[in-house]
1. So which residues in region B:223-237 are open to solvent by less than 60 Å² (accessible area, probe 1.4 Å) and assigned to a helix (DSSP H, G or I), if there are any at all?
2. Given the structure, is A:Lys162 more than 29 Å from A:Asn26 (Cα to Cα) and of a type in the set (Lys, Arg)?
3. Quick one: count up the residues across region A:143-160 that are over 19 Å from A:Ala123 (Cβ atoms) and not in a strand (DSSP E or B).
4. Go through region A:360-375 and give me each residue that's polar (S, T, N, Q) and open to solvent by 40 Å² or more (accessible area, probe 1.4 Å).
5. Taking the stated definitions as given, is A:Lys370 of a type outside the set (Asp, Glu) and more than 16 Å from A:Gln293 (Cβ to Cβ)?
6. Which of the residues belonging to region A:145-170 are in contact (Cβ under 8 Å) with a residue 60 or more places away in the chain, open to solvent by 50 Å² or more (accessible area, probe 1.4 Å) and more than 19 Å from the chain's Cα centre (by Cα)?
7. Exactly one condition in (1) among the polar types (S, T, N, Q); (2) farther than 18 Å from B:Val309 by Cβ; (3) more than 12 Å from chain B (Cβ to nearest Cβ); (4) in contact with a helix residue (DSSP H, G or I) (Cβ under 9 Å, 6 or more places away or on another chain) is not met by A:Thr374; state its number.
8. Would you mind listing the strands (runs of 3 or more DSSP E) fully within region A:241-315 where at least 1 residues are facing chain B (nearest Cβ under 8 Å), touching a strand residue (DSSP E or B) at 6+ places or on another chain (Cβ under 7 Å) and modelled with pLDDT of 95 or more?
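The values are calculated or read from the model by the stated rules, or taken from the named source; none is laboratory data. The shown structure was predicted, so the numbers you read here are calculated from the model rather than taken from an experiment. FYI the Cβ positions are ideal-geometry reconstructions off the backbone, even for glycines, and counts take in every protein chain you see. Side chains included, ligands, DNA and RNA excluded: accessible areas come from the protein's heavy atoms. Shrake-Rupley method; radii C 1.70, N 1.55, O 1.52, S 1.80 Å.
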Number of protein chains: 2
Amino acid sequence: MTISSPTAEVLTIGDEILFGQITDTNTQWIGTQLTDIGIRPVRKTSVGDNKQDILNAFKEASQRANVVIVTGGLGPTRDDITKHTFCKYFGTELEINQEALALITEFFAKRGRVMTELNIQQAALPKNCTYIPNLWGTAPGMWFEKDDVIYVSLPGVPYEMKSLMEFEILPRLKNRFSTQIIQHKSIRTIGIGESFLAEKIAPWEDALPAHIKLAYLPHFGQVRLRLTGTGTDQALLDEQLQEQVSLVLPIIGEHVFGFDADELETVIGTLLVNSQATVGTAESCTGGFVANQITGVPGSSKYYEGSVVSYSNEVKMNVLGVSRDTLEAFGAVSEQTAREMAEGVRRLLNTTFAISTTGIAGPDGGTAEKPVGTVWIACATPDETFTQLLTLRNNRKINIELTSSYALNLLRKTILSSNLAEKN
Amino acid sequence: MTISSPTAEVLTIGDEILFGQITDTNTQWIGTQLTDIGIRPVRKTSVGDNKQDILNAFKEASQRANVVIVTGGLGPTRDDITKHTFCKYFGTELEINQEALALITEFFAKRGRVMTELNIQQAALPKNCTYIPNLWGTAPGMWFEKDDVIYVSLPGVPYEMKSLMEFEILPRLKNRFSTQIIQHKSIRTIGIGESFLAEKIAPWEDALPAHIKLAYLPHFGQVRLRLTGTGTDQALLDEQLQEQVSLVLPIIGEHVFGFDADELETVIGTLLVNSQATVGTAESCTGGFVANQITGVPGSSKYYEGSVVSYSNEVKMNVLGVSRDTLEAFGAVSEQTAREMAEGVRRLLNTTFAISTTGIAGPDGGTAEKPVGTVWIACATPDETFTQLLTLRNNRKINIELTSSYALNLLRKTILSSNLAEKN
């Protein structure tokens, strides 16, 4: 197909979405992915598990868009009717796809689980579909084409849907449609608000060439600056984006921790590996979230020793060696306690660096003197210990994630300023 | 209007939603609210800031639903075109609504802010609309009726939209329609796959009365069975749903951990509080995720002492007291190590119960004998220690979340079978 500006409709199927019983995170993600490869979403539609409604939605979407992405309704149970409705729509019938059956059989064999008749039926696909193997679950993806419209059917399980899109569907769509090259370059910042950032870089932003657009994507104390360049010459586009980055870095450098897919925890991992250093964590208010962030990185066992989640004062004293005097004089949420937690866990786990968090995540536990959102973090090194006071919000979940981001950033800055990083 | 079972379509307007630049939390909330008053959502639609697309969406929705709830596109900036499109659709024009103007003027006066011409124009409404005062922002709500279809237009700002719905729109809709009651009852299960569950309860599912529907909602090793009943007598409906629950419980009871909004970690919290017991965790492959789940519950400090994330063998030995012999003879991922980790952390943190996780989360570290996804979990009590082998998937993130679910479930079952729970 040679369509100058291809369009897409995203169709989700399931009563649970209409009734608001599950949060639909799929369609937002699909919207960004399609936009990124130059396919413009023109409509999002959700219908229930009702054959006629789904048929109507197929027909209407086909009149509006070049691509119809359908998610949901592919599970093994009887309330999932997408496949049968596709058959009706295309005037065909289901037949067992041997490739799909083999993959599903292997999926169960690997896990030493018995296949049921329902699982076998998951390999039954409309005769006119192109089978898209699902390596992440048991519901196959499907690709249909009719009257110059592409229909893609994916399971609703976010992880399976995203994997199928990323590895199978987006590449196919890209080489089917892509007319222009769309290139992204992201600058990852932390510790500066969106509006302050915007003010700082306003002159640079105003001077951006017309074919390079800027988006601010804030998320838990971080702001991602995403440059999107459109053109026809890949190399030239990369060069132009890189030039803009080098122009803005001198203005905001201190707040930049990485680029593109960099995350704080991956950047820290690289720093620690390069400086042959290790880290441990002592967490109170974050309750394991920091450890979870660090260990979310494959290979983190190379530099991460572990964590002590000291939710009670007893654990702070008995395991981390925080002194009773400190707790009684300054309280669990104090600079002194944060310091002793970091130094204590560094001793206990025998690591190069250690970070600690102690605070009032909420919703309860706040006082006039220490309201909800009061958090102390610390980072201990072989030579000294750095501390930082955070004054956060009223929401427990947000406070935990913000504290984790700031603690990891404190670690990052500490590693960078330490001799260890310099000597490499 | 006397419609036996009124239907609704929720229409959101804005490029930012289609392109995935913002998370749409409005439509899920609206879905639950409409369902609760017996108005059945039959479709959710999102269109961009394009006049023709919006006109088409109005027309299509009016052919499907008795009520069309429209959010977004009411801000003061020029890309917000909902009002003008309503005028075109109804063949009318805008005129300043004096009530609205007074309220907006007051809104700015209160905040000591200057009104711009753009703000004044927010008081300009289509002549045929019923003005719905917005006490929470500057964009008025609007109520239209044409050919027995109700159109409601609300600002997209979640807080304003929700306030307008709650105090103005839902009450009007409720007394307008002699609505049916829609009641939900969820059964939360864990440790049994969707298809196995479906086979087990097939006879029960087939025997469900026509006015009670069943949906399977799987998520990380759990499956939520959602019963949706429709009727006119609230008490009778509750009774009928409860009856179906009591019919199915004997079949799947061992897999049921709760109902409706129950989560594993909240259920465990209640069990621990009731048995005046405490718990600690020792985590290897889950890297703090279990601790994070448990501490995500407000008030968890009452029963949660803390966790040792023992990522390295040194920490397993030096902090948890796992014996070197065990690690050398059986390896870190073994039943013996899981057992010693649980017993060790229980001693260290001095808790009633303790759970441990050790496994190969992936993507690396797998062997022929212990492939990625091999996980041992254990739960220690004052009297004995229970262990369980898990054979999971190839994805690190999923393995961590599944392990956490199964470990929490092992704890739940252990508490239930312990004398502690019985004595209460």
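1. Going through region B:223-237, the residues open to solvent by less than 60 Å² (accessible area, probe 1.4 Å) turn out to be B:223-231, B:237.
B:Leu237, the sole residue that qualifies.
2. On the way: more than 29 Å from A:Asn26 (Cα to Cα): no; of a type in the set (Lys, Arg): yes.
Against the criterion (more than 29 Å from A:Asn26 (Cα to Cα) and of a type in the set (Lys, Arg)), A:Lys162 does not qualify.
3. So the first thing to find is which residues in region A:143-160 are over 19 Å from A:Ala123 (Cβ atoms), and the list is A:145-151, A:158-159.
Right, trim to not in a strand (DSSP E or B) and you get A:147-148, A:158-159.
Result for region A:143-160: 4.
4. Initially, region A:360-375 is screened for residues polar (S, T, N, Q), giving A:367, A:374.
The answer is A:Thr367, and nothing else.
5. Working: of a type outside the set (Asp, Glu): yes; more than 16 Å from A:Gln293 (Cβ to Cβ): yes.
Spelling it out, A:Lys370 is indeed of a type outside the set (Asp, Glu) and more than 16 Å from A:Gln293 (Cβ to Cβ).
6. A:Lys146, A:Asp147, A:Asp148 - these are the residues of region A:145-170 that are in contact (Cβ under 8 Å) with a residue 60 or more places away in the chain, open to solvent by 50 Å² or more (accessible area, probe 1.4 Å) and more than 19 Å from the chain's Cα centre (by Cα).
7. (4)
8. On the way: elements: A:256-259, A:279-283, A:304-310.
Qualifying strands (runs of 3 or more DSSP E): A:279-283, A:304-310.
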